[in-house]
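Participant: First the structure, which I've put down as structure tokens, then a few questions once you've had a look.
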Amino acid sequence: MKKWLACFLFWLTAAFGQAYAQNFVLRGTITDSATGKPVIGASIFLSNTSIGTSANNSGQFTLNRVPQGRFNLVVSCLGYLTYVQSINADKLPQALQIALTPKANELSAVVVGTYDQNGWEKWGKLFLNNFIGTSNFALDCTLKNQEALKFRYSKKRDFLQAFADDALIIENKAMGYMVHYKLEGFSFDFAKHTVFYFGFPLFEEMEGSGRKQQKWKARRREAYYGSAMHFMRCLYVNKLPENGYEIKRLEKIPNVEKRRVQALYGYFVANGHSEEDFENSLPKDTLHYYKRIMDQPDETQVLHKEPLRGDSIASAADSVTAILSFTDYLQITYKNKKTPFEYTQQVLEKTDASDFITSQITLLNNHPVFVLYNGIFYQPQDLLLTGYWAWSEKIANMLPFDYWP
């Protein structure tokens, strides 16, 4: 069965390699849902690609170069809610009729009143570090319209949110892209030390001299190999070891006793007492034990020695889709690239960059992830990336899904 799967996936890729060269055309009309009038200048694009266009004076559009596969079609216009529709190139309708919903101006006015007046001064650097990143490529990225961003901070929840009505425009001089990013959500939880953002990017290739084009080409290849996109494409064809990937199962066993002690502290504080009061109420030997438990790590990690085969974690969902399903965590090491110095310095807090780049993934809520030939996986919110990918998979290192080295 495993041998058949490998051959089947390889055949799929060979077929898709030919199908990808085919260009499909998508046409449609954009109107206002309230008035029925055409929406002029609306932006229409396939998310995470370089394929996009605008609606003309009649609200009509033609989207050329639609590649084989499944994509999110995004329609965006200032003053309207973002429209998103999943499309498949081999099942395109003759013409789309899309009605955009106007935003409620009165509601927007109320919400604006709750934004931080000096939001950019307070939170701009944190946003850029977690959205564009802190890699060397990020140093050559510029957010051209920072005024489009608004921030709201909840002191009670220790929780930051960022909003943007218009698409954010990022000039990436490192890889030669202008990225138009329709931000749909950004949040930073200071208590949990987690960041979450999602949206719809459109990539526009920058013009430059032959020398610049060669530099951009080299940097795109550098960003691509070892990326989550590269991994998913290799997973799809069941060619992970051949492309430098080693996959091992990683168990993270929670420290149950530490959780129990933390709950005792939390219960005492929730009832109006301080941690100091709680500790003063304990016998010395109990307090010593509690402190020793609290100094322990939150979990114990057990890394299995035997590398996993690609077909042990993925299978064919249908004729065009692979399904990624596993338990616990996967540790993914890419042995064709060493960790960048800036990553070891910023995240690992070391100066030795001799290790290979290593990431971990886990399926949230035990939901499997579906993978397409071009590296697109969905639903992306069901897959948690930690380790190197949590640091590197930012706008500065992002490539469109129609990129092939």
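What follows draws every value from the coordinates through simple rules; no lab data is involved. Since the model is a prediction, treat every value here as computed from it, not as a measurement. All Cβ positions, even for glycine, are placed from backbone atoms using ideal geometry, and neighbour counts span all protein chains on display.
Participant: Where both residues lie in the chain, what percent of DSSP beta bridges are antiparallel, nearest 5?
Facilitator: Bridges in the chain that DSSP calls antiparallel: roughly 95 percent.
Participant: Under a point-charge model restricted to the Cβ atoms of Lys and Arg (+1) and Asp and Glu (-1), what is the dipole moment magnitude of the chain relative to its Cα centre, in debye to the nearest 20?
Facilitator: With Lys and Arg at +1 and Asp and Glu at -1, about 960 debye.
Participant: Still on this structure, please answer the following. Quick query: amide H of L63 versus all other amide H atoms, modeled in the peptide plane; which residues come in under 5 Å with a sequence gap of 5 or more or a different chain?
Facilitator: HN-HN under 5 Å from L63: L26, R27.
Participant: With a 10 Å Cβ neighbour count serving as the proxy for reagent exposure, in which order, fewest first, do W404, W389, W120 appear?
Facilitator: Fewest-to-most Cβ neighbours within 10 Å comes out as W404, W120, W389.
Participant: So, one more: By its C-alpha gyration tensor, with a ≥ b ≥ c as the square roots of the eigenvalues, how is region 256-296 shaped: rounded for a/c under 1.5, else prolate for a/b larger than b/c, else oblate?
Facilitator: Cα axes put region 256-296 in the oblate bin.
Participant: Mind checking the full-extension length gain between H304 and N72? Use 0.36 nm per residue of separation minus the Cα-Cα distance, one decimal, nm.
Facilitator: Here the segment from H304 to N72 would lengthen by 79.8 nm.
Participant: Rank these for me by crowding, T29, T286, T339, going from fewest to most other beta carbons within 10 Å.
Facilitator: So the residues, fewest neighbours to most, are T286, T29, T339.
Participant: Take the Cβ-Cβ distance between E393 and K122 as r, set R0 to 25 Å, and report the resulting FRET efficiency rounded to the nearest 0.05.
Facilitator: 0.45
Participant: Let me ask you something else. Size of region 45-143 along its principal axes in angstrom, Cα-based, largest extent first?
Facilitator: 49, 42, 23
Participant: For region 272-366, report the % of Cα-Cα distances exceeding 21 Å.
Facilitator: 62
Participant: Across 5 Å bins from the origin, how do the percents of Cα pairs in region 18-103 run, short distances first?
Facilitator: 3, 15, 27, 25, 15, 9, 3, 1, 0
Participant: Could I ask something else about it? Would you mind ranking H288, H193 so that the residue whose beta carbon has the fewest other beta carbons within 10 Å leads the list?
Facilitator: H193, H288
Participant: In nm, give the distance between the simple-model label positions of K350 and M178, each being 7 Å from the Cα along the Cα-to-Cβ direction.
Facilitator: Spacing of the two 7 Å Cα→Cβ label points: 4.2 nm.
Participant: A further question follows. Nearest 500 deg cm²/dmol is fine: what mean residue ellipticity at 222 nm does the chain get from its DSSP H runs of n ≥ 4 alone, each adding -39,500 (n - 2.57), divided by its residue count?
Facilitator: Taken over the chain, the calculation gives -8000 deg cm²/dmol.
Participant: Using Rg and Dmax of the Cα atoms in Å as the read-out, say which of [x] 24.2, 79; [y] 21.4, 79; [z] 21.0, 74 was calculated from these coordinates.
Facilitator: Looking at Rg and Dmax of the Cα atoms in Å for this model, the match is [x].
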